[in-house]
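Nothing in this text is a laboratory measurement; each read-out follows from the coordinates by a stated rule. Since the structure is predicted, the reported quantities are computational estimates derived from the model, not experimental observations. Every residue, glycine as well, gets a Cβ built from its backbone with ideal geometry; the counts of neighbours run over all protein chains shown.
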Amino acid sequence: MEELPWDSAHFGFTVARIAGDCLSTEKLERALDYGKQTGKRLVYWSAPADQVVERGLLDAYCGLLVDLKATYAADLAGLVRYPSPDASARAEATVVPFRRRHPTPQLLALGVAAGATSRFHADPGINRETADELFRIWIRRSVSREMADTVLVVPGVNDPDDVRGVVTVRAAGGSGSIGLIAVDRRYRRQGLGGRLLQAAHRWMFNRGLRSAEVVTQRRNRAACRLYEKAGYMLREVRRFYHFWPTEGRLR
């Protein structure tokens, strides 16, 4: 079991994770019992999709299945399209890099929207505002280039502070990854999500990257449809559990 100092500081109590997957019920129970004895208030565990924790163990350690994490992947050469210089190409040009040193309030709000179906929001033991702040921090650290290599946005027409959509992108080795992607609810169903993805793919491809990856929640059907429509294939699904071993049984 590994303690997580950053998570512990953010939530204000001790957070840890259980390393390794495919654990037997007995090994998982021993790990959770250790967590209870050592005062770990919140414990994360990631498991393969086919590993279901027994109901009795969930009850004994106040456990919840908080996420089915889906990883999508694709070959960039198949994702990048070069449209002719028509209206669609001019529309795509409205996706631009965000170059300010600090995010605008709307950009922060989009970060929160991107995380609305996260495992932290699915856990009733975590305060909603504290969960929201995780994604504001993600946006701030993306703008500062700590958690992203570029932040691409769909700007408003007249107001420089108006940001209608955002996608964060990171490159590692020969692969690129999508971090956060969101569109303001006032501008949804206008193709902005697809436009943001295409701009992200172009950014990756122009830097010599060969593949793209994105991780989302299976319950976020809109995001899954967006990636599947763009050409991504589902590569892996994992179960994420949260346990509260010091809290006793669920009420």
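For the chain, the longest principal axis of the Cα atoms and the long axis of helix 221-230 meet at an angle of about 50 degrees.
Applying 1/(1 + (r/R0)^6) with r as the Cβ-Cβ distance of ARG210 and ARG17 and R0 = 41 angstrom yields a FRET efficiency of 0.85. If one takes the longest principal axis of the Cα atoms in the chain, at what angle in degrees, from 0 to 90 and to the nearest 10, does the Cα axis of helix 192-206 lie? Once rounded, one gets 80 degrees.
Extension gain GLU247-VAL96, at 0.36 nm per residue separation less the Cα-Cα distance, in nm? Kindly include the intermediate steps, with their values, before the conclusion.
Numbers: separation 151, 0.36 × 151 = 54.36 nm, distance 4.72 nm.
Extra length available between GLU247 and VAL96 comes to 49.6 nm.
For the chain, how big is the tail of P(r) above 27 Å, as a whole percent of Cα pairs?
Details: 13210 of 31375 pairs.
Looking at the chain, the distances longer than 27 Å represent 42 percent of pairs.
Taking Cα atoms only, the orientation of helix 105-114 departs from the longest principal axis of the chain by about 60 degrees.
Here is the list for the range 120-213: GluC sites (Glu not before Pro) lying in DSSP coil, each with at most 13 other C-beta atoms within 10 angstrom of its C-beta, are GLU146. In order along the range 161-166, phi translates into HN-Hα couplings of 8, 7, 10, 8, x, 8 Hz, rounded to whole numbers, per the Karplus curve 6.51 cos²θ - 1.76 cosθ + 1.60 with θ = phi - 60° and x for Gly and Pro. Available extension along the chain between MET1 and THR71 is 22.8 nm, counting 0.36 nm per residue and deducting the alpha carbon span. A Förster distance of 22 Å, applied to the separation of the beta-carbon atoms of GLN37 and ALA9, puts the FRET efficiency at 0.45.
Suppose every K and R has +1 on its Cβ and every D and E has -1 on its Cβ; what is the size of the dipole of the chain about the Cα centre, in Debye to the nearest 20? Show your work: numbers first, answer last.
On the way: 39 positive and 28 negative charges, 133 e Å.
Once rounded to the nearest 20, the dipole reads 640 debye.
So if we plug the beta-carbon distance of VAL52 and ASP161 into 1/(1 + (r/R0)^6) with R0 = 45 Å, what FRET efficiency do we get, rounded to 0.05? Spell out each step's value before the answer.
Details: r = 47 Å, r/R0 = 1.04.
Rounded to the nearest 0.05, the efficiency is 0.45.
Summed over qualifying helices (DSSP H, 4 residues or more, each -39500 (n - 2.57)) and divided by its residue number, the chain shows a 222 nm mean residue ellipticity of -10500 deg cm²/dmol.
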